[in-house]
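Colleague: The structure under discussion is supplied below as structure tokens; questions concerning it will follow.
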Number of protein chains: 2
Amino acid sequence: MRIEFDLQATDGAARSGVIRTPRGDIRTPAFMPVGTAGTVKAMMPESVRATGADILLGNTYHLMLRPTAERIAALGGLHRFMNWERPILTDSGGFQVMSLASLRKLSEEGVRFSSHIDGSKHMLTPERSMEIQRLLGSDIVMCFDECPALPADDATVARSMQLSMRWALRSKEAFGDRPGHALFGIMQGGVTPALREESAKALVDIGFDGYAVGGLAVGEGQEAMFGVLDYAPGFLPADKPRYLMGVGKPDDIVGAVERGIDMMDCVLPSRSGRTGQAWTRRGAVNLRNARHRDDPRPLDEACTCPACRNYSRAYLHHVIKADEIISSMLLTWHNLHYYQELMAGLRAAIAEGRLAGFVADFHALRAGGDIEPL
Amino acid sequence: MRIEFDLQATDGAARSGVIRTPRGDIRTPAFMPVGTAGTVKAMMPESVRATGADILLGNTYHLMLRPTAERIAALGGLHRFMNWERPILTDSGGFQVMSLASLRKLSEEGVRFSSHIDGSKHMLTPERSMEIQRLLGSDIVMCFDECPALPADDATVARSMQLSMRWALRSKEAFGDRPGHALFGIMQGGVTPALREESAKALVDIGFDGYAVGGLAVGEGQEAMFGVLDYAPGFLPADKPRYLMGVGKPDDIVGAVERGIDMMDCVLPSRSGRTGQAWTRRGAVNLRNARHRDDPRPLDEACTCPACRNYSRAYLHHVIKADEIISSMLLTWHNLHYYQELMAGLRAAIAEGRLAGFVADFHALRAGGDIEPL
């Protein structure tokens, strides 16, 4: 079985559909929780599924260093290893090697670096990245690319993008023909339309199962990101999924979906959950704040996650202050649940042609802020 | 409804039965997981229940300091606060104030101390301990006592025990008449039979709903502890539950049950779960050890907990090494599951008059140690 994208509805530039894989369907627009090192932090995989997630993201860089891709392969692959039998997308390692590893040396061949864990030396190339993602058993494999930090001048961005396009071709050749597994290309080109178009054309010439918009969410700000998303998805084939990497806050997600993005991933909901920050329909709520200390009300009375159904804000505040693990468990669960509810709401609104109203309500409720203190 | 103890079977000195409370039955011998500060660390309360726990222990010392008993009462009591609707036993705070607080000053009245969290000054007396445990809504309340460190000379132990007996009377008077709630006395007297007997008589004269054997598991070693348990339970009324506080390792528990103990609590299974130590039928297994790195086998192939059903030793090793929260979640679950399975096995063996065989099998399997490395 080939991985197929069934585009079912559009509303303006926004799209809804289903990516069909041998490991199950992925409803789009989809938000992918991040399972960095073989776990979505503080969550059991069955709980991640209960929030509505159809697919997880795994990080090639982390897994290649520990426990290693070869070890995971010998143990039956990443799905069995981490007890998640549904689809997994893996990044290529390219972005994280540039942000986490030390002693990096970039060449035409790839990136040589030292592990941030034990200093051991490694080399990532398009070919090695494809091999690692194959060993992990990833369902959706990402091309190995280079992502320059923004702002950068056009010449730098162009040079980097053209290197990534040569690496995309090498990735495609190394990936080969693997029925049931997809390979996505990654568009680069910074905030320069001509470079984005050049990158898209190069990728479409090679031909991929899906296309990512890369090089965003790297500090350029929401306005610049939306500026690129106003035109860049239009350079990509309408019949393939479009993936915006590393995004984002709820309003980033809504804006990206409005602009034609089908898939996203971000550590934000899980990372926030470990710092006492909750994401709700009414915006961000810092449960560490003393205003919640005596508040018997749930975080969000309309939310059906365990944190909201079974606990008061006072309890959540208490376990955060006491540094109890259950605070990470409950808030991560809530945040992932909220993100998946938001995606479900977006999908339904697109399917029913009422996205503009949904988005207006989304912003209006957030503008009102959190419920009043007692 | 009064809390009642239904003693159903004996096998030698060992007993099995049920403590009936308005919040549900407690099957004895019972192991009570410790929910120190309103959470059994790294566990959802529904998961604690799924391991087979009928009752939790809450710590008066921790809760009185944060979030405070008054706050918990205003929020509807500890059960609602922590989402555990079954029975809760609370300790008196006496033991932990002596081990955790600073600037302690002991007098006939009680103990004055400074909080280990913020240095604030507090006083615990029998009357205040009863008030706090009432505010928490505890089902089984413990008398406020003083527990001397062992070894200590007889005169010291006697003075301390006699103070605890005066405090036991004040506890009883302060507790009053609270249908549906039980008050347990705590026997002291160190390792001296005459002092244990004197303490037991004093308690029985006052009259309690159950009796704890206190002052053990404080560093005296298993042999000395079993030495006391060989005679001390016999000083207590047969028709009331007997509770051994702060015990223990699996072999401590088995030995205590053989000697007539009905209830125990210990942080060990949960604390071990946060350090990579698992308790199994074959003894302790340190999953941090490199021998597990490539081992595809479950921790215990006969165990039905999620850690054993869904993950390899290699995965557990990986998430421990990577300091992932799921390692605490899975190992705590396994350890609590194992402890509850052990209790269920002990209860069935006592009920069927085959405890000696059960205990022999328990020791024989442990003597063989963990499964061979691959």
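Per-residue answers, yes or no, for (1) surrounded by 16 or more Cβ atoms within 10 Å (Cβ to Cβ); (2) touching an Asp or Glu at 6+ places or on another chain (Cβ under 8 Å); (3) under 26 Å from B:Arg86 (Cα atoms):
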position: B:Ser138; (1), (2), (3): yes, no, yes
position: B:Val141; (1), (2), (3): yes, no, yes
position: B:Pro151; (1), (2), (3): no, yes, no
position: B:Thr156; (1), (2), (3): no, no, no
position: B:Ile186; (1), (2), (3): yes, yes, yes
position: B:Asp205; (1), (2), (3): no, no, no
position: B:Leu216; (1), (2), (3): yes, no, no
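Colleague: Tell me which of these A:Gly119 doesn't satisfy, since it passes every other one: (1) part of a loop (DSSP other than H, G, I, E, B); (2) in contact (Cβ under 8 Å) with a residue 40 or more places away in the chain.
Modeller: Failing condition for A:Gly119: (2).
Colleague: Which one is nearest to the chain's Cα centre (by Cα) among residues in segment B:1-35 that are among the β-branched types (Val, Ile, Thr) and open to solvent by 20 Å² or more (accessible area, probe 1.4 Å)?
Modeller: Taking the candidates together, the pick is B:Ile3.
Colleague: Looking at segment A:39-90, which of its residues are within 15 Å of B:Ile320 (Cα to Cα) and under 15 Å from the mean Cα position of the chain (by Cα)?
Modeller: Answer for segment A:39-90, where residues must be within 15 Å of B:Ile320 (Cα to Cα) and under 15 Å from the mean Cα position of the chain (by Cα): A:Thr39, A:Val40, A:Lys41.
Colleague: Now, a different point. Identify all residues within segment B:66-99 that are farther than 17 Å from B:Thr39 by Cβ and within 14 Å of chain A (Cβ to nearest Cβ); write none if there are none.
Modeller: Across segment B:66-99, the qualifying residues are B:Glu70, B:Ala73, B:Ala74.
Colleague: What number of residues within segment A:85-109 satisfy the criterion of being open to solvent by 10 Å² or more (accessible area, probe 1.4 Å) and farther than 15 Å from A:His62 by Cα?
Modeller: Final tally of qualifying residues: 9.
Colleague: Continuing with the same structure: For the condition modelled with pLDDT of 95 or more and closer than 20 Å to A:Phe175 by Cβ, what is the one hit in A:Asp209, A:Asp251?
Modeller: A:Asp209
Colleague: Starting from segment B:186-213, keep only residues that are in contact (Cβ under 8 Å) with a residue 60 or more places away in the chain, then list their pairs with residues that are in a strand (DSSP E or B) and open to solvent by 60 Å² or more (accessible area, probe 1.4 Å) whose Cβ atoms are within a distance under 8 Å, requiring at least 6 positions of separation or different chains.
Modeller: Partner pairs satisfying both residue conditions: none exist.
Colleague: Tell me which residues, restricted to segment A:332-353, are of a type in the set (D, E, K, R) and in a helix (DSSP H, G or I).
Modeller: Of everything in segment A:332-353, those that are of a type in the set (D, E, K, R) and in a helix (DSSP H, G or I) turn out to be A:Glu341, A:Arg347.
Colleague: Limited to segment A:310-331, what total is found for residues that are facing chain B (nearest Cβ under 9 Å) and either assigned to a helix (DSSP H, G or I) or of a type in the set (A, V, I, L, M) (or both)?
Modeller: 14
Colleague: Answer yes or no as to whether A:Ala348 is within 30 Å of A:Ala13 (Cβ to Cβ), surrounded by fewer than 23 Cβ atoms within 10 Å (Cβ to Cβ) and within 25 Å of the chain's Cα centre (by Cα).
Modeller: So A:Ala348 passes the test.
Colleague: Could you tell me whether segment B:39-54 includes any residue that is open to solvent by 10 Å² or more (accessible area, probe 1.4 Å), within 14 Å of chain A (Cβ to nearest Cβ) and of a type in the set (Val, Ile, Thr)?
Modeller: no
Colleague: Related question: Do the conditions hold for A:His116, that is, is it within 14 Å of another protein chain (Cβ to nearest Cβ) and either closer than 30 Å to B:Ala314 by Cα or of a type in the set (D, E, K, R) (or both)?
Modeller: yes
Colleague: Which residue pairs have Cβ atoms under 6 Å apart, sit 6 or more places apart or on different chains, and have a first residue in segment A:355-367 that is touching a residue at least 12 places away in the same chain (Cβ under 8 Å) and a second that is open to solvent by 60 Å² or more (accessible area, probe 1.4 Å)?
Modeller: Between residues of segment A:355-367 that are touching a residue at least 12 places away in the same chain (Cβ under 8 Å) and residues that are open to solvent by 60 Å² or more (accessible area, probe 1.4 Å), the close pairs are A:Leu365/A:Arg281.
Colleague: Would a scan of segment B:24-32 turn up a residue that is within 12 Å of chain A (Cβ to nearest Cβ) and of a type in the set (Val, Ile, Thr)?
Modeller: No - not one qualifying residue is present in segment B:24-32.
Colleague: A further question on this structure: What residue, among those in segment A:255-307 that are part of a strand (DSSP E or B) and over 26 Å from A:Val18 (Cβ atoms), is farthest from the other protein chains (Cβ to nearest Cβ)?
Modeller: Among them, the one singled out is A:Gly283.
Colleague: Within segment B:159-184, track down each residue that is over 30 Å from B:Ala73 (Cβ atoms), touching a helix residue (DSSP H, G or I) at 6+ places or on another chain (Cβ under 9 Å) and open to solvent by 20 Å² or more (accessible area, probe 1.4 Å).
Modeller: The one that is over 30 Å from B:Ala73 (Cβ atoms), touching a helix residue (DSSP H, G or I) at 6+ places or on another chain (Cβ under 9 Å) and open to solvent by 20 Å² or more (accessible area, probe 1.4 Å): B:Gln162.
Colleague: If B:Trp333 satisfies every condition in (1) open to solvent by 40 Å² or more (accessible area, probe 1.4 Å); (2) closer than 15 Å to B:Trp279 by Cα; (3) hydrophobic (A, V, I, L, M, F, W, C); (4) over 25 Å from the mean Cα position of the chain (by Cα) but one, which is the exception?
Modeller: Evaluating B:Trp333 over (1) open to solvent by 40 Å² or more (accessible area, probe 1.4 Å); (2) closer than 15 Å to B:Trp279 by Cα; (3) hydrophobic (A, V, I, L, M, F, W, C); (4) over 25 Å from the mean Cα position of the chain (by Cα) leaves (4) as the failure.
Colleague: For B:Arg112, state whether it is more than 28 Å from A:Pro296 (Cβ to Cβ), charged (D, E, K, R) and open to solvent by 50 Å² or more (accessible area, probe 1.4 Å).
Modeller: When the stated conditions are applied, B:Arg112 passes them.
Colleague: Among the residues of segment A:237-265, write down those that are over 20 Å from A:Thr10 (Cβ atoms) and open to solvent by 20 Å² or more (accessible area, probe 1.4 Å).
Modeller: Across segment A:237-265, the qualifying residues are A:Met245, A:Gly246, A:Lys249, A:Asp251, A:Asp252.
Colleague: Check segment A:128-146 and report whether any residue there is out of contact with any Leu (no Cβ under 9 Å at 6 or more places or on another chain), in a loop (DSSP other than H, G, I, E, B) and more than 21 Å from A:Ile88 (Cβ to Cβ).
Modeller: No - not one qualifying residue is present in segment A:128-146.
Colleague: Okay, next question. Looking at segment A:1-111, what helices (runs of 4 or more DSSP H) fall wholly within it and have at least 2 residues that are more than 29 Å from A:Leu331 (Cβ to Cβ)?
Modeller: A:69-74, A:94-100
Colleague: Hey, could you check segment B:288-324 for residues that are touching a helix residue (DSSP H, G or I) at 6+ places or on another chain (Cβ under 7 Å), among the aliphatic types (A, V, I, L, M) and under 13 Å from B:Pro373 (Cα atoms) and say which is surrounded by the most Cβ atoms within 10 Å (Cβ to Cβ)?
Modeller: Step by step, filter segment B:288-324, then rank; the result is B:Leu299.
Colleague: Within segment B:206-230, how many residues turn out to be part of a helix (DSSP H, G or I) and farther than 19 Å from B:Val141 by Cβ?
Modeller: Residues in segment B:206-230 being part of a helix (DSSP H, G or I) and farther than 19 Å from B:Val141 by Cβ: 8 in total.
The values are calculated or read from the model by the stated rules, or taken from the named source; none is laboratory data. The structure displayed is predicted, hence computed values, not measured ones. Cβ coordinates were reconstructed from backbone atoms using ideal geometry, including for glycine residues, and neighbour counts include every protein chain displayed. These area figures cover heavy atoms from the full protein model, side chains too; ligands, DNA and RNA do not enter into them. Shrake-Rupley method; radii C 1.70, N 1.55, O 1.52, S 1.80 Å.
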